[in-house]
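> To start, I am sharing the structure in question, which I have written as structure tokens.
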Amino acid sequence: MNYKYFLFLIVFSIISFSIRAQISVGDVLSEIDYSAPKEYEIGGITISGIKYLDNNVLIMLSGLSIGDKIHVPGERISKAIHNLWDQGLFENIKVTASKIQGDIIFLNIDLQERPRLSKFSVFGLKKAEIDNLREEIKLTSGDVVTDNLLIRTTNIIKKHYTDKGYLDIQVNITQKQDTAKANNVILNINVEKNDKVKIYHINIYGNKHLTAEKIKTTFKETKEKGTIKLFYDIDSLIIIIVKNTLHLKYNNLIEEARDYISENLKLRIFKSSKFIEEDYNEDKINLIKKYNELGFRDAKIISDSIYRNEDSTINININIEEGRKYYFRNITWVGNTKYTSDELNAILKIKKGNIYNWEVLNSNLNFNINEDDVSSLYMNDGYLFFSANPVEVLVENDSIDLEIRIHEGKQAIVNKVTIKGNTKTNDHVIIRELRTKPGQLFSRSDIIRSTRELAQLRYFDPESINPLVNPNPVDGTVDIEYEVEETSADQIELSGGWGYGRIIGTLGVSFNNFSTKNFFKKGAWRPIPSGDGQKLSIRVQSYGKGYISYSASFTEPWLGGKKPNAFSVSYYHSLYSNGLNRSDPNRQSFVINGLSFGLGKRLTWPDDFFQIYQGINLQRYDLKNYQKIFSFGSGTGYYNNFSYNIVFSRPSLDAVIYPRYGSNISLSLEATPPYSLFSEKDYSTLDDYEKYKWIEYHKWKFNTSIFTKIQGNLVLMTRAKFGFLGYYNPDIGVTPFERYYLGGDGLSGYNNMDGREIIGMRGYGNETLTPVYYKDRNYGGTIFCKYTLELRYPLSLNPNATIYGLGFFEAGNDWIGFDNFNPFDVYRSAGCGIRIFLPMFGILGLDWGYGFDRVPGIPSANLGHFHFSINQSID
């Protein structure tokens with residue numbers, strides 16, 4: 001019976017396969033005896049039923065050839081059928097013997113082609129959704145329409161929308177014969193999204209040490225539907241409050257009130273309550289991680305279930321088993337010879353009695369963002385093959401003893417350092433930025449620093465820079481390859497703005513990866529010679545005949561090619577006038593010509609993040625009948641500003657466009673020679689022109705910005721700025737040039753004709769926080785301070801369109817002198833904004849800010865302002 005049953009299953013399976021595959025073997029001529037297979041020689045093969053495929057190709061695909069010896073019936077026929085079926089081109093295949101002459105057989109293969117796709121249409125969605133869906137399903141004209149194609153298309157559409165919370169989506173695909181093309185069909189894809197399925201309630205059971213609300217906060221994506229029921233069942237709440245108050249049960253009172261609020265006031269602003277299974281599974285992992293961080297290493301989800309409500313929302317039930325809370329007790333080290341156990345414990349930062357947190361242990365042992373871990377201690381000294389394996393050797397009650405087993409290995413030497421992916425930037429430009437050199441000891445900190453330096457170049461996508469470490473344990477060496485992805489570094493500025501009652505146009509270009517070496521080389525202009533890391537900038541600004549300004553600058557970051565000495569030179573020219581011809585006696589004009597030279601250098605002390613910049617600035621003001629800006633002098637004459645500038649800075653940001661951690665600190669001094677101290681003139685009796693003809697001052701500035709990663713890509717930026725303008729000779733006082741003007745968007749160019757420094761402060765009108773600005777425009781501040789707190793979150797980190805939103809608080813003020821200076825007497829503002837970085841245009845910024853403090857004499861200065869910038873900071 002078992003044998004018969006087994007034989008029946010085999011026969012049934014064969015029959016089922018034949019029906020499912022729609023394959024039939026036709027009747028051969030009546031003289032073929034199926035009970036006694038006979039060998040034949042194939043005398044000919046014909047194809048029937050095919051109009052659009054090549055017969056010879058099909059015969060070749062079948063595996064049969066004229067002259068072959070086959071058995072009929074036999075495996076060769078079955079195999080030929082399967083070979084053709086595997087092509088996925090046919091709905092039905094039939095093999096028949098058209099003629100038999102002795103031992104010669106003539107075969108005919110009858111095929112029924114599957115239809116091909118002519119075109120398809122999607123119904124039930126908006127045009128933008130259809131366009132996105134077309135990119136997902138990737139159907140093209142000429143595709144063979146198979147069951148697999150239809151099922152795959154349906155599944156892609158369903159997944160696309162279930163990932164967005166449309167769990168009840170329905171997809172129906174119908175075929176329609178295309179009358180214009182034979183054997184072609186049109187697919188009509190009907191999509192009915194229905195409403196998103198939202199989560200009404202998440203029920204937590206078994207929790208004792210964490211409240212249900214605390215547990216729900218660990219879910220990053222799975223959130224309950226927002227509800228506001230202010231007075232729902234309020235009478236019961238009042239009774240509970242009175243009862244607990246009379247019995248002095250304040251803990252119960254707080255708990256009951258908290259439960260009422262959490263149940264009836266669920267605000268959902270930034271996160272939707274849609275259900276996505278993949279996100280839900282990830283959030284369950286996050287829940288267990290949270291328990292593990294609190295010492296509950298045995299915590300687990302016993303069960304969870306999802307069920308529908310009548311309003312098509314869903315509820316989620318989660319049963320938790322928290323387990324016992326554990327603590328670290330004894331930690332011993334095994335295998336360490338390089339460092340003592342006390343030294344390793346100091347780095348590990350875990351003491352007896354600390355809550356058992358495996359994440360903290362692993363972070364301090366293997367890797368944390370500050371490189372303050374045991375693994376970094378070893379790997380920064382060449383121990384690439386180092387490993388540390390913590391093992392629980394004893395669990396007693398709520399205490400755990402650990403043994404950390406160390407394999408130090410031997411120090412590794414860097415063998416080869418290569419670059420991959422740079423299509424425009426020359427290798428030497430990249431290699432000179434790397435801290436990892438062949439022949440040196442391997443150092444993980446050098447790799448991290450090299451990655452940071454490459455990101456600072458702005459030639460590559462910082463998110464794609466990938467150092468690949470390939471160790472060679474046999475000879476104790478390591479090869480390092482840096483994968484980079486080129487991105488556009490050149491920028492163009494084309495903008496129009498409104499200032500001083502006029503439309504101001506600006507055109508500028510910056511070639512940030514320029515090459516003078518290839519300037520005259522044939523074929524290097526694509527569209528400009530590039531690849532050597534030099535920077536060339538040209539800028540023109542004007543609002544008509546009354547104002548034109550142009551400038552040009554060039555920077556060589558590695559002067560001489562061997563050391564990072566950045567040499568820069570720039571020239572600028574500005575002309576302000578009343579628009580009359582030069583020969584007109586009533587013409588008023590004001591011309592500025594400037595030339596500057598600078599040399600920057602990287603330092604190795606106090607650490608190798610420090611930099612120093614020194615520059616010489618030569619500037620000349622030429623006035624003719626121009627008293628609009630200056631209240632001193634006759635409005636005609638020359639004023640000379642020759643200054644020396646020195647800047648100490650320490651930039652340690654991990655990225656340029658969207659830094660997540662690090663800082664940027666700078667202290668600068670700009671000073672002119674103290675001409676009056678070497679002159680025998682009595683400056684107290686000189687007129688204004690003689691006093692200020694040779695401008696003298698010393699100008700100090702301090703700026704610090706610190707970036708802190710809060711969670712994921714959420715970053716807090718804190719910044720403080722200070723500036724002071726001093727003098728040498730009390731008979732001259734503070735120069736009217738180079739003063740500080742505070743408030744607004746901080747845009748400069750057309751409005752800094754007297755060398756004024758425009759400092760933006762959002763929420764207030766342009767320059768409205770400058771002392772007595774609207775009473776006398778010739779005054780600017782000599783001392784200022786400004787503080788900023790800014791919370792940033794990226795919407796896109798694509799190097800071709802980096803976008804992030806921000807919210808800010810700012811405070812600052814500007815004073816004429818130290819007499820009334822108070823760093824805590826400040827104007828305050830808050831607001832939000834967005835930044836968009838486009839490689840071609842730089843950073844575009846738009847902020848809205850509201851000032852909390854009224855400005856004396858300017859009622860509208862703080863009533864909310866929009867601030868716009870292009871490739872210039874407004875914070």
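> When the residues of segment 439-462 are narrowed to those that are in contact with a strand residue (DSSP E or B) (Cβ under 8 Å, 6 or more places away or on another chain) and farther than 26 Å from E556 by Cα, which ends up least open to solvent (accessible area, probe 1.4 Å)?
Filtering segment 439-462 for residues that are in contact with a strand residue (DSSP E or B) (Cβ under 8 Å, 6 or more places away or on another chain) and farther than 26 Å from E556 by Cα, the one least open to solvent (accessible area, probe 1.4 Å) comes out as F442.
> Looking only at residues in segment 417-438 that are more than 15 Å from K563 (Cα to Cα) and in contact with a Gly (Cβ under 8 Å, 6 or more places away or on another chain), which one is most open to solvent (accessible area, probe 1.4 Å)?
K424
> Where the second residue is in a loop (DSSP other than H, G, I, E, B) and surrounded by 14 or more Cβ atoms within 10 Å (Cβ to Cβ) and the first is among the β-branched types (V, I, T) and lies in segment 335-347, which pairs have Cβ atoms under 9 Å and are six or more apart or on separate chains?
T337/E408; I347/Y339; I347/D373
> Then there's this: Hey, can you tell me all the residues within segment 60-91 that are open to solvent by less than 40 Å² (accessible area, probe 1.4 Å) and either assigned to a helix (DSSP H, G or I) or among the basic types (K, R) (or both)?
Residues satisfying the conditions are S62, I77, A80, I81, L84.
> Under the condition of being in a strand (DSSP E or B) and either touching a Pro at 6+ places or on another chain (Cβ under 9 Å) or closer than 21 Å to I836 by Cα (or both), which residue from segment 644-673 is most open to solvent (accessible area, probe 1.4 Å)?
Only one residue fits best here, namely Y644.
> Testing T146 on (1) open to solvent by less than 50 Å² (accessible area, probe 1.4 Å); (2) out of contact with any Gly (no Cβ under 8 Å at 6 or more places or on another chain); (3) of a type in the set (S, T, Y), one condition comes back false. Which one is that?
The single condition T146 does not satisfy is (2).
> Among the numbered criteria (1) out of contact with any Ser or Thr (no Cβ under 6 Å at 6 or more places or on another chain); (2) surrounded by 15 or more Cβ atoms within 10 Å (Cβ to Cβ); (3) at pLDDT 95 or above, which single criterion is violated by I616?
(2)
> Also, quick follow-up: Which residue, of R587, R620, is assigned to a loop (DSSP other than H, G, I, E, B) and more than 30 Å from D532 (Cβ to Cβ)?
Step by step, each of R587, R620 is checked, and only R587 is assigned to a loop (DSSP other than H, G, I, E, B) and more than 30 Å from D532 (Cβ to Cβ).
> Next question, about the same structure. Can you confirm whether S574 is surrounded by 15 or more Cβ atoms within 10 Å (Cβ to Cβ), in contact (Cβ under 8 Å) with a residue 24 or more places away in the chain and either outside any loop (DSSP other than H, G, I, E, B) or among the basic types (K, R) (or both)?
yes
> Would you pick out the residues in segment 419-433 that are farther than 11 Å from E453 by Cα and of a type in the set (V, I, T)?
Matches in segment 419-433: I419, T423, T425, V429.
> Against the definition (within 40 Å of the chain's Cα centre (by Cα), surrounded by 13 or more Cβ atoms within 10 Å (Cβ to Cβ), at negative phi and not in a strand (DSSP E or B)), how does L133 come out, yes or no?
yes
> Do you know which residues across segment 175-222 are part of a strand (DSSP E or B) and hydroxyl-bearing (S, T, Y)?
Y200, Y205
> Go through F597, F567, F609 for me and flag whichever is closer than 19 Å to G755 by Cα and not aliphatic (A, V, I, L, M).
From the options F597, F567, F609, the qualifying one is F597.
> Let me ask another. Looking only at segment 279-300, count how many residues are farther than 17 Å from R324 by Cβ and either touching a residue at least 24 places away in the same chain (Cβ under 8 Å) or surrounded by 14 or more Cβ atoms within 10 Å (Cβ to Cβ) (or both).
Within segment 279-300, residues that are farther than 17 Å from R324 by Cβ and either touching a residue at least 24 places away in the same chain (Cβ under 8 Å) or surrounded by 14 or more Cβ atoms within 10 Å (Cβ to Cβ) (or both) number 8.
The values are calculated or read from the model by the stated rules, or taken from the named source; none is laboratory data. Bear in mind that the values here come from a model prediction, so they are computed numbers and not experimental data. All Cβ positions, even for glycine, are placed from backbone atoms using ideal geometry, and neighbour counts span all protein chains on display. Keep in mind that these areas ignore ligands, DNA and RNA; they rest on the heavy atoms of the full protein, side chains included. Shrake-Rupley method; radii C 1.70, N 1.55, O 1.52, S 1.80 Å.
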